[in-house]
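The values are calculated or read from the model by the stated rules, or taken from the named source; none is laboratory data. The structure displayed is predicted, hence computed values, not measured ones. Backbone-built Cβ (ideal geometry, glycine too); neighbour counts: all protein chains shown.
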Amino acid sequence: MRENEQLRDLEPLLSFFASFVLEIPIVQQIMRWDMTVLRESPWYNEILKQGEANLIIRQLSKRFGNLDPAIASQIRQLSISQLET
């Protein structure tokens with residue numbers, strides 16, 4: 001897989017999905033990667049961003065009541081650094 005340039009880009013995604021059914025150390029041993037590979041993946045960053053956006057939306061909803069769907073949508077479009085700020 002690593003020898004084929006097109007397939008090489010799929011390695012982080014394959015590893016990510018494998019971690020749902022296998023223990024992380026087993027996936028690391030099979031794929032010979034560490035968390036750095038996953039953290040550099042655009043998939044990881046998108047999942048992280050959506051998790052942070054959902055947390056902010058829940059906090060705002062608890063404090064101010066249900067948010068307008070347009071505002072929630074705008075929050076989901078923010079970058080990770082914007083969400084953290």
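For the reader, a short list of remarks on this structure follows.
- Entry remark, the range 17-40: residues being at pLDDT below 70 and either within 25 Å of Ile80 (Cβ to Cβ) or in a helix (DSSP H, G or I) (or both) number 7 in total.
- Tallying residues that are of a type in the set (Lys, Arg) and under 29 Å from Leu13 (Cα atoms) within the range 46-85 yields 3.
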